[in-house]
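Take a look at the structure set out below.
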Amino acid sequence: MADRRLQDVLFYSLEAAIKAYRRFAQARLQAAGIDITIDQWLVLKTIHESADLTLQQVGVAVFKDFASITRIVQLLERKGLLRRKPHPTDGRRSELVLTSAGESVIRTVEPVAQANRRQALDGIDAKEIARLREVLKRITENCDAR
């Protein structure tokens, strides 16, 4: 039977959950006095975890187009959290490097992010989370296969 109402569409529910989590997480960052957005945090965390990524690879990792990731990186540079330095072997690209202030933000945000995840997943057991991951992976594969 076809979904009749928007609220009955699975992807609408997924989007609603993602938006609710992002609003919640952003409010918790602000309440903790941390002056970055969720997108900026994702970029910092991605660079922290994988230091040799290109700007384009960081964009793919955080689901941002090239213009958006460029803007986010520029903002992080202006905030003194990130810097670009010439790549040692490829003169056409730059390395993205966290500054000491950027590393400090990572250490400050990490416990807030973990608490956010715990609260968002409250009452959901490990089996449910594992099953949800399986289903989401299958949806992604179904869409990427086309």
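The values are calculated or read from the model by the stated rules, or taken from the named source; none is laboratory data. What you see is a predicted model, and the numbers here were worked out from it, not measured in a lab. Quick reminder, even Gly has a Cβ in these numbers, built from the backbone with ideal geometry, and neighbours come from all protein chains shown. These accessible areas exclude ligands, DNA and RNA; they are computed on the full protein's heavy atoms, side chains included. Shrake-Rupley method; radii C 1.70, N 1.55, O 1.52, S 1.80 Å.
Points to keep in mind about this one:
- Largest mean-square fluctuation among L121, L55, L44, in a Gaussian network model of the chain whose springs join Cα atoms under 10 Å apart, belongs to L121.
- The mean sequence separation of alpha-carbon pairs under 8 Å and at least six residues apart, normalised by the residue count of the chain, gives a relative contact order of 20 percent.
- Comparing R93, R107, R131 in a Gaussian network model of the chain (Cα springs below 10 Å), the most mobile by mean-square fluctuation is R131.
- In degrees, nearest ten, helix 66-78 long axis to first principal axis of the chain (Cα): 50 degrees
- The angle separating the long axis of helix 100-120 from the principal Cα axis of greatest extent in the chain is about 10 degrees.
- Formal net charge of residues neighbouring L81 (Cβ-Cβ distance under 14 Å; K, R +1; D, E -1): +2
- Stokes-Einstein D for the range 51-98, Kirkwood Rh over Cα pairs, 25 °C, 0.890 mPa s (µm²/s): 224 µm²/s
- Where Cα atoms sit under 29 Å apart: lysine pairs in the chain separated by 8 or more or lying on different chains: 14
- For the range 19-95: rounded, prolate or oblate by the Cα gyration tensor [a/c cutoff 1.5]: prolate
- V135 versus F11: modelled label distance in nm, points set 7 Å from Cα along the beta carbon direction: 1.7 nm
- Helix 126-144 and the longest principal axis of the Cα set of the chain meet at an angle near 80°.
- Pairwise centroid distance, computed over Cα atoms, of the range 107-146 with the range 53-105, Å: 26 Å
- Which label in (1) 21.4, 69; (2) 17.4, 53; (3) 18.0, 58 gives the computed Rg and Dmax of the Cα atoms in Å: (3)
- Residues of the range 1-107: accessible area per residue with a 1.4 Å probe, Å²: 65 Å²
- Förster radius 30 Å - calculated FRET efficiency between S94 and C143, Cβ distance, rounded to 0.05: 0.40
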